[in-house]
Structures are given as structure tokens and as C-alpha cells.
Amino acid sequence: MGNQQLRKMWLLYGNEKHFNYTTIQDRIEEHHPIIKFKANEQIVMRGDFPEFIYFIRSGIAEGIREYEDGSEYDYFQLDETNGSIGLLETLARKEKIIATITCVKDVEAVRVPSAAVYQWIMQDLDLLRLSANLLADDLYHRSGSDGLFYQLEGVDRLRYFLVEYYDQRVKNTENFIEVKEMREKIGNKLGMSVRTVGRALKKLRDNHEIISKDRKIYIGPKERERIQAHLIHI
């Protein structure tokens, strides 16, 4: 009985997990400019004050953390589904951007003052609930995967990455998504060589856990289920 009641409450108050341009497009006004960035151009730098939030309308960017020894590690990708650069820092009330964001492809984004977005959220119960859902969902996944990812080896590490990649980008349960990460980038994220990534992808393809067509990788709901079923460590 209690289980059903909680599920009803979840449905009642929504389960949306994306705060992107479509979330706030009705609030955009003429003084909120559309900014165009070229591939390899930086949108924000690590350590910058989050004066603005950039809502991506098209294109792809990646977050790059810079370490003291000068090495770089690209660890997340942003597009129109999840691209709200500066939102996390604004909600967390932090004065420094956590990661440098660089365009992988040309990016078009709407720039809105962070103070305005923060006020929208604080004065709108639906946006406030959405923000709480986003932060809670992120914390849940990080808590569950903390340390676990680094216990996985080889193909299982790639499986874990692909499940997370799919879940973060799929819009409905019937959608196929293209994995747009290059093998080198995947290897950097997973701590694997390009050759090891290639072997792991071949194994997943042979097991029908991914679809490979015209040198592109696709994942659908059935492939996602097969990948998850093989993650015996989780």
C-alpha cells in the first residue's frame, strides 16, 4: 500500500529530469541574446564566476577538468537535451564554474543572467521541484556509482558508460540514440586505450548490445536492456 502511494506521489509531482532550453523558452525575451560558438571555442572557463547560464539550442560541448599538473580529462558531454551551463553552480550557490566547457561542434546557446534564472526557479514551484529532482537524481547516481566504476574492467566499464550515456540522452522509451563520442574520447573517460575500446565495442556488437552502422554506434531500448543484463557487477 505504501509503495503504491509513494509511486502516485512521484507521478503527481512529475518525473522530468531535464532542465534545458525548452524548459525556459517561454520566458526568453529580446534582451537574452543568442550566442554562437565555433567548434573548439570555450564557452566558460573553470574558475569563472557564473554570471550567465547558457542554454544550448544546438550543437555539442564537453566539460574538461584541468588538473594542476597540466593534464586534462574530458568527463561529460552537453547538448540541447542537458545543456544548461552554469545552472549547477547557480543552484549550489558556488562562485566558481567547476569545469571548462569547450565546443565539440558549433554551438548555439541562449545566454541568460544567472540571477534571473535563479529568481525564476525560486518563484516557480514547478521549476523548484524540477531543480530538486535534478540534483537528487544526480546525487543518487553518484552515490551508487562512487568507486563502483573503477572496480569494473574492460568491456564492463564500457557497458556502464553506455548505459549512463543512453539514460542521460534518451527522450522516450522507443528512441534510438547515436553515441557521438569518438573512441579516443571514450578511452580518455574510461582510462582505456583506443585499442581496448575497439575490442570492447566489437564484443558488444557481436553480442547485439549495440548497433553499428556506417561506422556509427546506436543504442535502442532493447540494446540498453542487453547491456544492463550483462552488468553482473551492478
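The values are calculated or read from the model by the stated rules, or taken from the named source; none is laboratory data. Bear in mind the structure is a predicted one, so any value in this text is a computation, not a measurement. Neighbour counts are summed over all protein chains in view; Cβ atoms, including those assigned to glycine, are modelled from backbone coordinates with ideal geometry. In case anyone asks, the SASA skips ligands and DNA or RNA and just uses the protein heavy atoms, side chains included. Shrake-Rupley method; radii C 1.70, N 1.55, O 1.52, S 1.80 Å.
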**Request:** Would you mind checking which residues have amide H under 5 Å from D124's amide H? H placed 1.01 Å from N; only 5 or more apart, or other chain.
**Result:** none
**Fill in**
When every protein chain stays in place and a 1.4 Å probe is rolled, F19, F76 sorted by accessible area with the largest first are F76, F19
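Tell me the per residue accessible area of the chain using a 1.4 Å probe; a whole number in Å² is fine.
63 Å²
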**Item:** Relative contact order for the chain, counting Cα pairs under 8 Å that sit 6 or more residues apart, in percent
**Value:** 19 percent
**Prompt:** Can you list, bin by bin at 10 Å, the percent of alpha carbon pairs in the chain, starting at 0?
**Reply:** 7, 27, 35, 23, 7, 0
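Using a Förster radius of 25 Å, what is the FRET efficiency between Q168 and E108 based on their Cβ-Cβ separation? Nearest 0.05, please.
Details: r = 21 Å, r/R0 = 0.83.
Efficiency at R0 = 25 Å is approximately 0.75.
Return the subset of K17/K105; K36/K180; K94/K185; K185/K216; K189/K216; K189/K213 for which the Cα-Cα distance in this structure is over 26 Å, preserving the input order.
Table pairs above 26 Å Cα-Cα are K94/K185.
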**Request:** Note down the accessible area of M182, probe 1.4 Å, to the nearest 10 Å².
**Result:** 130 Å²
**Request:** Tell me which residues come under 5 Å, amide H to amide H, from I53 once H is placed; ignore anything under 5 positions away on its chain.
**Result:** V112, S114
**Request:** Only Cα pairs under 8 Å and at least 6 apart count here; give the relative contact order of region 164-234 as a rounded whole percent.
**Result:** 33 percent
**Asked** What figure in square angstrom, to the nearest 10, would you give for the accessible area of T196 with a 1.4 Å probe?
**Response** 40 Å²
**Request:** Any chance you could get the radius of gyration and Dmax over the Cα atoms of region 15-147, in Å?
**Result:** 14.6, 46
**Sites V194 and R129 - FRET efficiency at Förster radius 45 Å, r taken between beta-carbons, to 0.05** = 0.60
**Asked** If amide H atoms are built 1.01 Å from N in the plane of the peptide, which residues on other chains or at least 5 residues away come under 5 Å of the amide H of S58?
**Response** E108
**Asked** Roughly how many Å² of D106 are accessible to a 1.4 Å probe, to the nearest 10?
**Response** 80 Å²
**Request:** Kindly state, as a whole number, the per residue volume in cubic angstrom of the convex hull around the alpha carbon atoms of region 150-234.
**Result:** 90 Å³
**Accessible area of region 15-147 belonging to carbon and sulfur atoms, whole % at 1.4 Å probe** = 48 percent
**Prompt:** Where the centre of each part is set by its Cα atoms, how far does region 161-234 sit from region 1-55, in angstrom?
**Reply:** 25 Å
